[in-house]
Amino acid sequence: MDDSTDWRAGIDPSAANSARMYDYYLGGKDHFPADIAAARKVIALQPNVRPAARENRHFLRRAVTYLTQEAGIQQFLDIGAGLPTAGNVHEIAPEARVVYVDHDPVVITQARALLGGSDRVRVVMGDVRDPDAILEHPSVCRFLDFDEPLALLLVGLLHFVQDREGAYGVVARLRDALPSGSFAAISHGMSEGFDKGLVNNISNVYSSQMSHQLRTRAQVEPFLTGLDLVEPGLVPITEWRPDGISEGLTAREVGIIGAVGRVP
């Protein structure tokens, strides 16, 4: 893909996309009317979705800060990275090597245009549902050193991969590729603690446009199989090593849980 190409070229503007909806929630500008319409339907059902999206970014920042400053990690594989809004991994960890992966050509074109000048960042087209293609991509297997610990980031991604698409097997394949001493960080939208009708209505908005599946805590836990969880474990993201920077949502209002785990 030519980095000089207009990022809107060849994109179907009539179909909403999770990355562009997330960009809208975060106050970005890289989205289409279809993304706005779908996002507004979700906001009408759950007004906290915009501050919850910002809380998810705060979780990413805290996780990456822990991984670099306390765990000594200096290379990251960020799958489902989304549009390059403020607070990206390479900004939080400027000395680290980072590979961003996403399946949306809008994300890839924008990211390459913005980040093409960095020798510490690579941007790769890839779909988490095909983990082998990601792991075998030259910009992943050559740029990242899989003989040394690295961090796998699956932040705000897995609720867009359904069970029938092999969600648990995908994560297991990625985890098994990590060398000892590596880490994985995930965050995931919750289905419990909310009115069932509300959850169904929100899922229907997403599912009419893309793959989507909220899960219970018990259903999220298997994604962390084989990892030694960093304290405080799998918790609402607002409670994962809080540092005072917050949108003020309660655990129930944010509706997202997250964890960081170490590969033994």
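Worth pointing out:
- Taken over segment 86-108, residues that are under 28 Å from Q209 (Cα atoms) and in a loop (DSSP other than H, G, I, E, B) amount to 5.
- Being of a type in the set (A, V, I, L, M), open to solvent by 60 Å² or more (accessible area, probe 1.4 Å) and under 19 Å from the mean Cα position of the chain (by Cα) is a property that L229 has.
- Remark: pairs (first residue in segment 239-260, assigned to a loop (DSSP other than H, G, I, E, B); second residue of a type outside the set (S, T, N, Q) and open to solvent by 70 Å² or more (accessible area, probe 1.4 Å); Cβ separation under 6 Å; 6+ apart in sequence or on different chains) = E247/R54.
- The residues of segment 74-91 that are more than 21 Å from A184 (Cβ to Cβ) and either buried (at least 20 other Cβ atoms within 10 Å of the Cβ) or touching an Asp or Glu at 6+ places or on another chain (Cβ under 8 Å) (or both), listed by number, are L83, P84, T85.
- Any hit, segment 92-107, residues being surrounded by fewer than 18 Cβ atoms within 10 Å (Cβ to Cβ), at pLDDT 90 or above and over 21 Å from D30 (Cα atoms): yes
- Looking only at segment 214-238, residues that are touching a residue at least 60 places away in the same chain (Cβ under 8 Å) and either assigned to a loop (DSSP other than H, G, I, E, B) or among the aromatic types (F, W, Y) (or both) come to 2 in all.
- Residue in segment 42-50 that is part of a helix (DSSP H, G or I) and within 16 Å of the chain's Cα centre (by Cα) present: yes
- Entry remark, segment 187-207: residues being closer than 21 Å to N17 by Cα, open to solvent by 40 Å² or more (accessible area, probe 1.4 Å) and without any contact (Cβ under 8 Å) to a residue 60 or more places away in the chain number 3 in total.
- Among (1) assigned to a helix (DSSP H, G or I); (2) open to solvent by 20 Å² or more (accessible area, probe 1.4 Å); (3) among the small types (G, A, S); (4) in contact (Cβ under 8 Å) with a residue 12 or more places away in the chain, the one test that A53 misses: (2)
- Looking across segment 208-226, the residues that are among the hydrophobic types (A, V, I, L, M, F, W, C), modelled with pLDDT of 95 or more and surrounded by 15 or more Cβ atoms within 10 Å (Cβ to Cβ) come down to V220, F223, L224.
- Residue within segment 100-116 that is at positive phi and touching a helix residue (DSSP H, G or I) at 6+ places or on another chain (Cβ under 9 Å) present: no
- Restricting segment 109-123 to residues that are hydrophobic (A, V, I, L, M, F, W, C) and crowded, with 22+ Cβ neighbours inside 10 Å, the residue that is farthest from G156 (Cα to Cα): V121
- Restricting the search to strands (runs of 3 or more DSSP E) fully inside segment 109-213 and requiring at least 2 residues that are farther than 21 Å from L67 by Cα gives 121-125.
- Any hit, segment 150-157, residues being open to solvent by 40 Å² or more (accessible area, probe 1.4 Å) and not β-branched (V, I, T): no
The values are calculated or read from the model by the stated rules, or taken from the named source; none is laboratory data. Note that the coordinates shown come from a computational prediction; the quantities given were computed from them, not determined experimentally. Positions of Cβ are generated from backbone atoms using ideal geometry, with glycine treated the same way; all protein chains shown enter the neighbour counts. These area figures cover heavy atoms from the full protein model, side chains too; ligands, DNA and RNA do not enter into them. Shrake-Rupley method; radii C 1.70, N 1.55, O 1.52, S 1.80 Å.
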